[in-house]
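Visitor: Would you mind keeping the following structure in view while I ask a few things?
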Amino acid sequence: MPDYEDNWEDVKNYGSSPEQPKGSSCHADPDDYSHSKSLAAGRKGCGGLVSDSDPQVDSPLDLKLLEENDKDNSEKVEVEIESDPLLRLIGGVWEWGLLISPFFFWGTAMVAMKEVLPKTGPFFVSSFRLIPAGLLLVAFAAFRGRRIPSGLNAWLSITLFAIVDAACFQGFLAEGLEKTSAGLGSVIIDSQPLTVAILASLLYGESIGFVGAAGLVLGVVGLLLLELPALAFDGSNFSLWGSGEWWMLLAAQSMAVGTVMVRWVSKYSDPIMATGWHMVIGGLPLAAISVLNHDPAINGGLWELTSNDVLALLYTSIFGSAVSYGVFFYNATRGSLTKLSSLTFLTPMFASVFGFLYLGETFSTEQLIGALVTIVGIYMVNYKNALE
């Protein structure tokens, strides 16, 4: 509860001088005087103007009553929402929409990438997905007052994070997506919680448990069922690098290592700032490789893109990266980590459904069984985390 008596002089003198000195109510710590910020709206000082509709505050008691009235009003709104079935339904749909949307965007972005890859090239798509989205996240974080990374440890950790989780992950993903379906690739990539569970156990001593261990075994079996039908053989020559599923598996391992690195990176930088900068830094080498590789987009292919192709590129960058990461972090800060971890399997489901609808992609019998087994294994690993 704020100390009204100690802060009352600041409120009475608020705006009395055109230039408020540091330490006055214009710069007061909100933790010390939380309600002064609401009183500042529309009042003289800090660029505000006095409004006739502003509540009149003549004493510390009035200020206390005003704050209690605001609290009562917010509680009344909550009661009204709880008592109104329609509002409660809308609120529930909105909550689940926020919770599910990152996985929807990630899954459908795979389909959008798959559609434009032949016209632009894998490394161009990867860099375009990362750099604009990273700049958007950095701008958003700066607007929210997040601290810009500073110091050798901060930038070194972000750079290493960028190489593993951005450059390697997106590069492997795009390369694999050229040779496999969006749905199948998404299932393999989202098997990364299996690797994360092992790495977290080895590096941080986190317990896997019986359910988690069973999930790991099922996940490995499912991945084998996904991989074996797609491995290419040419007589006695084994073509591993010609397998899109292999590239997707490499992408999954890159993402898993990057996930484990987040804890280390967050020791030195704000997580949202670090995420944005790692996307920008990781996208730069991919852009360079795109130029050296003579991707179609670099050799004039951009001028041949249709409006749908441009929209697909923008979708993969804005919604498939910037918005999805932003909403994911928003959900995480609201204490939804348990629900988030149990919804990982939705990404390959969205990718498979929209890959079938828009690209006509289908699974073989072995791949369908492998996909289902892998998703069950992922869920069991995450379900173990949810129980804890």
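Visitor: Tell me the accessible surface of GLU366 in square angstrom (1.4 angstrom probe, heavy atoms of protein chains only), to the nearest ten.
Guide: GLU366 exposes around 100 Å² with every protein chain in place.
Visitor: Please work out how much length the chain gains when fully extended from ASN308 to GLU95, using 0.36 nm per residue of separation minus the C-alpha to C-alpha distance, in nm with one decimal.
Guide: My answer for the length gained is 73.6 nm.
Visitor: Please list 280-287, 264-271 highest first by mean number of surrounding beta-carbon atoms within 10 Å per residue.
Guide: 280-287, 264-271
Visitor: What distance in nm lies between label points placed 7 Å from Cα along the C-beta direction at SER150 and HIS294?
Guide: Here the modelled spin labels are 4.8 nm apart.
Visitor: Using square roots of five times the C-alpha gyration tensor eigenvalues, list the equivalent-ellipsoid semi-axes of the range 161-205 in whole Å, biggest first.
Guide: So the equivalent ellipsoid measures 23, 15, 5 Å along its semi-axes.
The values are calculated or read from the model by the stated rules, or taken from the named source; none is laboratory data. All values reported here derive from a predicted model rather than from experimental measurement. Backbone-built Cβ (ideal geometry, glycine too); neighbour counts: all protein chains shown. Accessible surface areas use protein heavy atoms only, side chains included; no ligands, DNA or RNA. Shrake-Rupley method; radii C 1.70, N 1.55, O 1.52, S 1.80 Å.
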